[in-house]
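Here's the structure, in structure tokens; my notes come after.
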Amino acid sequence: MRNRRILYKVFLMLGSIAASLSAQQVQAVRTDAPVSVDGVLDEQAWQHPGWTAFKMKRPFEGAPPSQKTEVWVAYDENAVYVAARMYDTAPDSIMTVLGRRDYDVTADWFSFLIDPYRDKRTGYYFTVSAAGSIQDGTLFNDDWNDNSWDGVWEAKTRIDDKGWAAEMRIPFSQLRFTEKEQHVWGVNFRRSIGRNSERDLVVYTPNQESGFVSRFPELVGIEHIAPSRQAEVLPYLTSKAEYLKHDAGDPFKTGSRYLPGLGGDMRIALSSNLMLNATINPDFGQVEVDPAVVNLSDIESYFQEKRPFFVEGTSTFNFGNGGASSNWGFNFGTPDFFYSRRIGRAPQGSLPFSAQFVDYPLGTHILGAGKITGKVIEGWNFGMIHALTNREYAQAETSGTRVHDIEVEPLTYYGIARLQKDFNDGKQGFGLIATSTDRMFNDERLRDQINASAQTGGIDGWSFFDDGKTYVMTGWLGYSHVAGSAARMTSLQRSSRHYFQRPDASYLSVDSNATSMTGFAGRVAVNKQKGPVIFNAAFGIINPKFDVNDLGFYWRTDIINYHVVVGYKWTDPTPYYNSVRLQTALFESRDFGNRIGWRGWWINAFAEFTNFWTAGAGFVYNPPSVDTRSTRGGPAMFTPVGREFFFNVASDSRKPAMVELYSDFYIGAGGEQTNVNVSVTYKPAPNINFSVGPGFSKGLQEAMWITSYDDAASLQTYGRRYVFAHLSQQTLSANIRLNWTFTPQLSLQLFMQPLISSGKYTNLKHFLRPGTFEFGAFGSDGSTLNVNRDNGGNVSGYTIDADGGGPSPEQSISNPDFNFKSLRGNAVLRWEYRPGSTVYFVWTQLRSDWENVGEFQFNHSVDRLMEAKPDNVFMVKLTYWFNL
């Protein structure tokens, strides 16, 4: 054992030296002969000795690779070519797993990574598996990658008795670089050997350091080429058939409708450094449906962006995280200044009257959008998006009287601009961001429901403390300004994002005459980038008036947050583990009134074992604190002590079957919660990947908000009565996926999410005194609680009175119990019939059911769900790529 550890340390020392040899050069050769991209390395350009200086990154950092790899780079006036020979002493053990584009599975892979600007922070990667599957994306912030970018390039592979070989052709039109006579780019190569969980590179980031792109050696020899000024056009045609459930007599929904569609995307090089992406009348029907959620909180649910136009290049607009390789939250929800799901969101306006039948649009139609990305003067990274969404109308009918053209969403412009640059070899960085939302109303009624305009802006940056880039300070500062009618601003101040009406928050008040609101937020953090010792500390604030929700996303305001994280990582493999990490943290949040809103101590351990299983466990202790949100705009409530235990374990991903388990248990803070999530992935064949991820949660909240109402007799709670109840909730759900890849160009993707959630409310009570966790139960101490029933004898609600026959008013409450069932899924057959051109066949089904009962009844719920009428949508989408 001792000899093995000594040998490993020698490898580690040599590997650290190799990883830092950025002065080495890779030579590219010009070829005038055509290169046939077929995986057969018989071209003249591949007949000289190639690059073989690889080092192992994992599992044994710095060790010689278990297999030899040889790589060549060539180019002509139109493209760069890469050839790689992956020698293998056991060709029959090569993992030829076939997956859809950008789907990362354990297999044998080869990657070409390139930094054409040689800015040592950004770049591209192009990856092909031994089976011919491809991945591509961008590199940013020196350490991170983003697979949202899809280039148009070619790759072919071939397996033989020597191992396997790969050839790539990457057109210069897919790369951005500065126009010059002689080019020096950054370059790296990576090989993954699936059966060994091995990863070999020319240069890599040592386990106890950071920085990846900045270590790339130079790629030299490329001369007399020019960035492409060509334009790419991707028109599309769609045909959609919708079969939707509807109520009898509904004049707007007959049960079916057929919708043709036409639009297109464009990609135009404005200069050698700037690229324009534009979309006209986009259709994103091929993307995966959003999961169903049961949200009983006062915080909006966050959904991932999946639409290709907005997903691609999102790293350009990242704000506030540059410079550091690790960022921690601890109850500080960093605001997103740009949340692209706002563009095309569901209309926000309501109808001016109630109606029997309503035809209300599900989303806001995007008329067009444009995006410019690249570099501008003196190497500044630049990004800009402009989008225009349509004015949306609803229709309504009651007793045969129909009202047309009820405006529910105004014509809206969205804009965002991002600028960023690093200095002094990446030791410092500075950036700017600005967003704007402007709405043009035809119906003045909507001015009281939706903000008229919103602008946000911010600066961010980083600075390393030392030349070795061991410690870095990062930070950002932002502002927001929203404007609208006095009624709208009053509603915004009282909304769950702000709660200015809280009666015991002396520093807050609702200004009913305000027609605008301006706020600020910011954060500063210090992170240790290198070495076995882990350190991170941060301090952040979000002013109560801060609001970026028109084009961004944030969870809460009125917060002052800080934390300190320390830890240690063991990265030298032993006979028992490959790596171990131990971390602990202290964190606390206060509001602007200096009340402690949340605090705790957190500890976590994680290990990867020599059989490539992983396991982790942790504990959180939350001392007593103050909750300013549970009363939904009322006085603060005391939060009792809470304790959380969590653990996770995952098996070896190289095997045909892989199992992951995560569970957490929370006890205290007015309740208890248990969550268990399992994920099972099975690969019955190299081209089939099936996964099922069931999850179950069970919780009891002693004080779940129901409603509040005016009561002049409730003096201790400032003339308003806050009603709570015990809530027992159970949720069972699963994410089921099947990825069947027939060829690298033809794949079938299935997704299905069943969900059953029930909630039973009992023990109705009212909050007694601010700053406590004390309640008065309705039906005791002189108060009354009457149960109301419908004609079938079912509970329809309750009538409550806090003092019986006294001055407190009676209040009626609808039965809040629920049993919600949902089944959502889609199937997408994707065929890339020529490079860049694709046809999609899509089927989407949504079905749901709701009952006013609180018991969790699995068999009954499944029966009800299967009997529910579904919404079915069938779509064919054809795209064709033109390179003009």
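The values are calculated or read from the model by the stated rules, or taken from the named source; none is laboratory data. Predicted model only: the values in this text are computed from it and were never measured. As a convention, Cβ positions derive from the backbone with ideal geometry for all residues, glycine included, and neighbour counts pool all protein chains shown. Surface accessibility is based on the protein's heavy atoms, side chains included, excluding ligands, DNA and RNA. Shrake-Rupley method; radii C 1.70, N 1.55, O 1.52, S 1.80 Å.
Whenever a residue of the stretch 464-482 is without any contact (Cβ under 8 Å) to a residue 40 or more places away in the chain, its partners that are open to solvent by 20 Å² or more (accessible area, probe 1.4 Å), lying with C-beta atoms within less than 6 angstrom and at least six residues away or across chains, give the pairs PHE465/TYR471; HIS481/GLN455; HIS481/THR518. If the condition is being open to solvent by 20 Å² or more (accessible area, probe 1.4 Å), within 14 Å of THR741 (Cβ to Cβ) and not in a strand (DSSP E or B), then the stretch 104-134 contributes ASP104, ALA131. Contact map, the stretch 153-164: residues that are touching a residue at least 60 places away in the same chain (Cβ under 8 Å) paired with residues that are part of a strand (DSSP E or B) and among the polar types (S, T, N, Q), Cβ distance under 8 Å, separation 6+ or inter-chain. Pairs shown: THR157/SER129; TRP164/THR157. Before we move on, is MET489 aliphatic (A, V, I, L, M) and in a strand (DSSP E or B)? Answer is no for this residue. The set of residues in the stretch 614-630 that are of a type in the set (A, V, I, L, M) and open to solvent by 20 Å² or more (accessible area, probe 1.4 Å) comprises ALA615, ALA617, VAL626.
Can you tell me which residue is nearest to the chain's Cα centre (by Cα) among those in the stretch 427-451 that are surrounded by 20 or more Cβ atoms within 10 Å (Cβ to Cβ) and farther than 18 Å from ARG345 by Cβ? The selected residue is ILE433. Residues that are at pLDDT 95 or above and open to solvent by less than 20 Å² (accessible area, probe 1.4 Å) within the stretch 159-182 comprise GLY163, TRP164, ALA165, ALA166, GLU167, MET168, ILE170, listed in sequence order.
When the stretch 681-733 is filtered for residues that are surrounded by fewer than 18 Cβ atoms within 10 Å (Cβ to Cβ), of a type in the set (Gly, Ala, Ser) and not in a loop (DSSP other than H, G, I, E, B), the ones remaining, listed by number, are ALA685, SER691, GLY693, GLY695, SER697, GLY699.
For the stretch 248-270, a tally of residues being touching a strand residue (DSSP E or B) at 6+ places or on another chain (Cβ under 7 Å) and either open to solvent by less than 70 Å² (accessible area, probe 1.4 Å) or among the acidic types (Asp, Glu) (or both) returns 14.
Note on the stretch 536-569: residues that are farther than 28 Å from TYR414 by Cα, in contact with a Lys or Arg (Cβ under 9 Å, 6 or more places away or on another chain) and among the small types (Gly, Ala, Ser) amount to 2. The strands (runs of 3 or more DSSP E) found entirely in the stretch 555-644 that carry 3 or more residues being in contact with a His (Cβ under 9 Å, 6 or more places away or on another chain) are 577-590.
Among the residues making up the stretch 515-554, those that are over 15 Å from ALA454 (Cα atoms), open to solvent by less than 40 Å² (accessible area, probe 1.4 Å) and part of a loop (DSSP other than H, G, I, E, B) are GLN529, GLY531, PRO532, ASN543, PRO544.
Only one of the numbered conditions (1) surrounded by fewer than 20 Cβ atoms within 10 Å (Cβ to Cβ); (2) touching a strand residue (DSSP E or B) at 6+ places or on another chain (Cβ under 8 Å); (3) under 30 Å from THR279 (Cα atoms) is violated by LYS156, and that is (3). Residues in the stretch 784-809 that are surrounded by fewer than 15 Cβ atoms within 10 Å (Cβ to Cβ), in a loop (DSSP other than H, G, I, E, B) and touching a residue at least 24 places away in the same chain (Cβ under 8 Å): ASN794, GLY806, PRO807.
Quick one: in the stretch 452-467, which of the residues that are of a type in the set (Asp, Glu) and outside any strand (DSSP E or B) is least open to solvent (accessible area, probe 1.4 Å)? Here the answer is ASP466. For the stretch 476-508, a residue qualifies if it is touching a strand residue (DSSP E or B) at 6+ places or on another chain (Cβ under 8 Å) and of a type in the set (S, T, N, Q), and the qualifying residues are SER480, GLN493. Scanning the stretch 838-884 for residues that are of a type in the set (Asp, Glu), without any contact (Cβ under 8 Å) to a residue 40 or more places away in the chain and part of a strand (DSSP E or B) returns ASP849, GLU851. The condition (being in contact with a Gly (Cβ under 7 Å, 6 or more places away or on another chain), under 26 Å from GLN701 (Cβ atoms) and of a type in the set (D, E, K, R)) is satisfied by just one residue among ARG632, ARG643, ARG654: ARG643. Applying a threshold of 6 Å to beta carbon distances and a minimum spacing of six or more residues, or different chains, the list of pairs starting in the stretch 686-698 at a residue that is at positive phi and ending at one that is open to solvent by less than 40 Å² (accessible area, probe 1.4 Å) is empty. Can you find even one residue in the stretch 192-212 that is open to solvent by 10 Å² or more (accessible area, probe 1.4 Å) and within 23 Å of ILE377 (Cα to Cα)? Scanning the stretch 192-212, I find no residue that is open to solvent by 10 Å² or more (accessible area, probe 1.4 Å) and within 23 Å of ILE377 (Cα to Cα), so the answer is no. Looking only at residues of the stretch 575-596 that are without any contact (Cβ under 8 Å) to a residue 40 or more places away in the chain and of a type outside the set (D, E, K, R), we find that the one that is nearest to VAL533 (Cα to Cα) is LEU582.
Only one of the numbered conditions (1) closer than 28 Å to PHE309 by Cα; (2) open to solvent by less than 20 Å² (accessible area, probe 1.4 Å); (3) not β-branched (Val, Ile, Thr) is not met by PHE189, and that is (1). Looking across the stretch 292-319, not a single residue is part of a loop (DSSP other than H, G, I, E, B), β-branched (Val, Ile, Thr) and under 12 Å from the mean Cα position of the chain (by Cα).
For the stretch 834-855: of the residues being closer than 20 Å to PHE874 by Cβ and among the aromatic types (Phe, Trp, Tyr), which is surrounded by the most Cβ atoms within 10 Å (Cβ to Cβ)? My answer is TYR840. Regarding ILE667, is this residue touching a Lys or Arg at 6+ places or on another chain (Cβ under 7 Å), in a strand (DSSP E or B) and open to solvent by 20 Å² or more (accessible area, probe 1.4 Å)? Against the criterion (touching a Lys or Arg at 6+ places or on another chain (Cβ under 7 Å), in a strand (DSSP E or B) and open to solvent by 20 Å² or more (accessible area, probe 1.4 Å)), ILE667 qualifies.
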